[in-house]
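Participant: Here's a structure for you.
The values are calculated or read from the model by the stated rules, or taken from the named source; none is laboratory data. Not measured: the values here are computed from a predicted model. Here Cβ is always computed from backbone atoms with ideal geometry, including for glycine, and neighbour counts include all displayed protein chains. Please note that ligands, DNA and RNA were not included when accessible areas were found on the heavy atoms of the full protein model with its side chains. Shrake-Rupley method; radii C 1.70, N 1.55, O 1.52, S 1.80 Å.
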Amino acid sequence: MNKKAFIFDLDGVIVDTAKYHFLAWKKLANSIGVDFTEHQNEQLKGVSRVKSLEKILSWGNKSISEDEFMELMALKNDDYLAYIKKMDETEILPDVDRVLTFLIENDQKIALGSASKNARMILQKVNILDKFESIVDGNDVSKAKPNPEVFLNAAKNLNCNAKDCIVFEDSVAGVKAANIASMISIGIGDKETLKEADYVFNDFSEISNEFLTNLINEKRT
Ligand code: BG6
Ligand code: MG
């Protein structure tokens with residue numbers, strides 16, 4: 001069997017932490033008098049903590065000092081971590097485990113490619129840290145998605161060509177990053193929002209072992 005590299009985003013793909021990011025950002029935005037909708041939240045998915053706060057401030061037409069900026073980022077993260085502390089393996093999204101197990105049993109390479117600086121902690125909380133051969137997260141990259149740096153680093157760590165990589169992503173920025181890297185992009189979420197992806201599924205329960213087998217055997221030039 002061929003060896004491919006399967007690169008998973010974390011938030012909104014493996015675990016539903018996207019909802020915790022939303023709640024924490026909304027609380028923070030509202031506390032400084034900025035409105036924050038689900039539509040705006042969509043634009044923050046896959047985007048780093050710094051870039052997210054910059055966007056919120058620009059939507060609210062606010063300018064603040066560097067110190068205040070750092071304070072607000074810390075406040076948001078503290079709030080977010082309060083949700084994370086309560087997580088356990090029951091929060092792994094449906095069929096993620098089945099897909100990971102199938103890929104491992106078929107001798108495929110698996111990496112994490114996330115913008116989050118909390119990624120390792122979350123994988124530990126839900127007890128799947130050891131399934132990943134390589135982890136590239138917000139501590140390892142300087143360029144945020146849609147820049148493909150995070151996925152290219154994962155491919156390099158796994159010793160795989162970009163054309164042999166498959167990326168699972170729930171964010172528009174992440175799908176763009178995978179496409180820019182010439183990897184196969186699989187959107188997890190809404191078909192219309194993620195229309196730039198090569199394939200889109202609502203969740204992993206729609207991804208069959210047969211579909212994965214075809215990806216493994218597909219020859220791309
Ligand atoms: C991404 C999330 O995975 O990580 C974003 O989609 C988040 O919403 C970003 O802002 C950074 O995460 P963290 O945990 O470092 O604040
Ligand atoms: Mg995500």
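Participant: Checking residue 74 against (1) surrounded by 13 or more Cβ atoms within 10 Å (Cβ to Cβ); (2) more than 16 Å from ligand 2 (Cβ to nearest atom), which test does it fail?
Facilitator: Status for residue 74: all satisfied but (1).
Participant: If we keep just the residues of the range 15-42 that are touching a residue at least 12 places away in the same chain (Cβ under 8 Å), closer than 23 Å to residue 100 by Cβ and assigned to a helix (DSSP H, G or I), which is farthest from ligand 1 (Cβ to nearest atom)?
Facilitator: Top of the filtered list is 20.
Participant: If you check every pair at least six apart or on different chains, which have Cβ atoms under 6 Å apart with a residue in the range 87-113 that is open to solvent by 40 Å² or more (accessible area, probe 1.4 Å) first and a residue that is assigned to a helix (DSSP H, G or I) second?
Facilitator: Between residues of the range 87-113 that are open to solvent by 40 Å² or more (accessible area, probe 1.4 Å) and residues that are assigned to a helix (DSSP H, G or I), the close pairs are 94/205; 95/204; 95/205.
Participant: Only one of these is touching a residue at least 24 places away in the same chain (Cβ under 8 Å), of a type in the set (Ser, Thr, Tyr), open to solvent by less than 50 Å² (accessible area, probe 1.4 Å) and not assigned by TED's automatic domain parsing to the domain that holds residue 26: 134, 52. Name it.
Facilitator: 134
Participant: Still on this model: Return the residue satisfying two criteria in turn: it lies in the range 21-38 and is over 16 Å from residue 84 (Cβ atoms) and of a type in the set (D, E, K, R), and of such residues it is least open to solvent (accessible area, probe 1.4 Å).
Facilitator: 26
Participant: On the given criteria, is residue 185 in contact with a helix residue (DSSP H, G or I) (Cβ under 7 Å, 6 or more places away or on another chain), surrounded by 22 or more Cβ atoms within 10 Å (Cβ to Cβ) and more than 22 Å from residue 40 (Cβ to Cβ)?
Facilitator: Against the criterion (in contact with a helix residue (DSSP H, G or I) (Cβ under 7 Å, 6 or more places away or on another chain), surrounded by 22 or more Cβ atoms within 10 Å (Cβ to Cβ) and more than 22 Å from residue 40 (Cβ to Cβ)), residue 185 qualifies.
Participant: Would you list the helices (runs of 4 or more DSSP H) that sit entirely within the range 43-145 and hold 2 or more residues that are within 10 Å of ligand 1 (Cβ to nearest atom)?
Facilitator: The qualifying helices (runs of 4 or more DSSP H) are 49-59, 66-85, 119-125.
Participant: How many of the residues in the range 114-131 are in contact (Cβ under 8 Å) with a residue 40 or more places away in the chain and either charged (D, E, K, R) or open to solvent by 50 Å² or more (accessible area, probe 1.4 Å) (or both)?
Facilitator: Residues that pass the stated criteria total 2.
Participant: Sticking with this one: Is it fair to say residue 10 is within 23 Å of residue 215 (Cβ to Cβ) and surrounded by 15 or more Cβ atoms within 10 Å (Cβ to Cβ)?
Facilitator: yes
Participant: Let me ask something else. Only one of these conditions is not met by residue 159: (1) in contact with a Lys or Arg (Cβ under 6 Å, 6 or more places away or on another chain); (2) open to solvent by 70 Å² or more (accessible area, probe 1.4 Å); (3) part of a loop (DSSP other than H, G, I, E, B). Which number is it?
Facilitator: (1)
Participant: Of the residues 15, 50, 99, only one is out of contact with any Gly (no Cβ under 6 Å at 6 or more places or on another chain) and within 13 Å of ligand 2 (Cβ to nearest atom); which?
Facilitator: Testing whether each residue is out of contact with any Gly (no Cβ under 6 Å at 6 or more places or on another chain) and within 13 Å of ligand 2 (Cβ to nearest atom) leaves just 15.
Participant: Let me ask another. Confirm whether residue 4 is within 11 Å of ligand 1 (Cβ to nearest atom) and of a type outside the set (A, V, I, L, M, F, W, C).
Facilitator: No: the conditions fail for residue 4.
Participant: Looking only at the range 162-180, which residues are buried (at least 24 other Cβ atoms within 10 Å of the Cβ) and over 23 Å from residue 52 (Cα atoms)?
Facilitator: Within the range 162-180, 165 is the sole residue that qualifies.
Participant: Considering the range 102-117 alone, what residues qualify as being within 14 Å of ligand 2 (Cβ to nearest atom) and of a type in the set (A, V, I, L, M)?
Facilitator: Once the filter is applied, which keeps residues that are within 14 Å of ligand 2 (Cβ to nearest atom) and of a type in the set (A, V, I, L, M), the range 102-117 yields 112, 115.
Participant: While we're here: I'd like the full set of residues that are of a type in the set (Asp, Glu) and either under 21 Å from residue 100 (Cβ atoms) or within 15 Å of ligand 2 (Cβ to nearest atom) (or both), limited to the range 145-187.
Facilitator: Scanning the range 145-187 gives 164, 169, 170.
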